[in-house]
Amino acid sequence: MSLSRIIASGCGTGYAPIAPGTVASAIALLIGAVVLHIAPTALPFLAALAAFAGLWSVAAARVDNDPGWVVIDEYAGQWVALCGLTRATVAGLLAAFLIFRLLDITKPGPIAWADRQKTPTGVMADDIIAGAISAGILWAIHSHWPSMFG
């Protein structure tokens, strides 16, 4: 297997037999929780690294649509979503996961538009947008109810 396919598949998590996107998001959540706990300022850099690695790997693997095995976009999007939290709490992590997955699966508005772009950028963009909207929702919840996430 080529390096581009290893990266695009999230080190093989995209080959999970059931719900590879959800599996990848859950693994990204666990990694992101550790990063958020140890070095929260590193999380945006991790998300950006995944986004750029995803763009390269999807292009190099010559993927023009979004097959189920490509999950690097879920890693990047989940990490962007986690940027809406100030610290790792069970409630915040659960909310970040559920909001991101809901937006990624239902694809409202600009997420659907990005998903229709059958290019490597489109493959990555729908999840990045879903992550950004999720982060905004989490930030808004925390702004109005600071104790909501611990």
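Some notes on this structure:
- Residue among 83, 11 that is of a type outside the set (Gly, Ala, Ser) and on the phi > 0 side of the Ramachandran plot: 11
- Taking the conditions (1) surrounded by fewer than 22 Cβ atoms within 10 Å (Cβ to Cβ); (2) more than 30 Å from residue 62 (Cβ to Cβ) in turn, residue 108 satisfies each one other than (2).
- Within the stretch 56-89, the set of residues being outside any loop (DSSP other than H, G, I, E, B), touching a residue at least 60 places away in the same chain (Cβ under 8 Å) and either over 12 Å from residue 127 (Cα atoms) or hydroxyl-bearing (Ser, Thr, Tyr) (or both) comprises 58, 59, 75.
- Qualifying residue in the stretch 32-41 (condition: modelled with pLDDT of 95 or more and either more than 30 Å from residue 143 (Cβ to Cβ) or within 14 Å of the chain's Cα centre (by Cα) (or both)): yes
- Whether a residue is modelled with pLDDT of 95 or more and either touching a Ser or Thr at 6+ places or on another chain (Cβ under 8 Å) or of a type in the set (Asp, Glu) (or both) was assessed, and residue 72 passes this test.
- The selection criterion, being surrounded by fewer than 24 Cβ atoms within 10 Å (Cβ to Cβ), closer than 20 Å to residue 123 by Cα, modelled with pLDDT of 95 or more and touching a Ser or Thr at 6+ places or on another chain (Cβ under 7 Å), holds for residue 103.
- In the stretch 1-26, residue farthest from residue 46 (Cα to Cα) [restricted to those that are surrounded by fewer than 20 Cβ atoms within 10 Å (Cβ to Cβ) and in contact with a helix residue (DSSP H, G or I) (Cβ under 6 Å, 6 or more places away or on another chain)]: 16
- All conditions but one from (1) within 16 Å of the chain's Cα centre (by Cα); (2) surrounded by fewer than 24 Cβ atoms within 10 Å (Cβ to Cβ); (3) within 16 Å of residue 14 (Cα to Cα) apply to residue 74; the one that does not is (2).
- Residues in the stretch 90-125 that are part of a helix (DSSP H, G or I) and under 15 Å from the mean Cα position of the chain (by Cα): 22 in all.
The values are calculated or read from the model by the stated rules, or taken from the named source; none is laboratory data. All of these numbers come straight from a predicted model, not from anything done at the bench. Cβ atoms come from the backbone with ideal geometry, glycine included; neighbour counts cover every protein chain shown.
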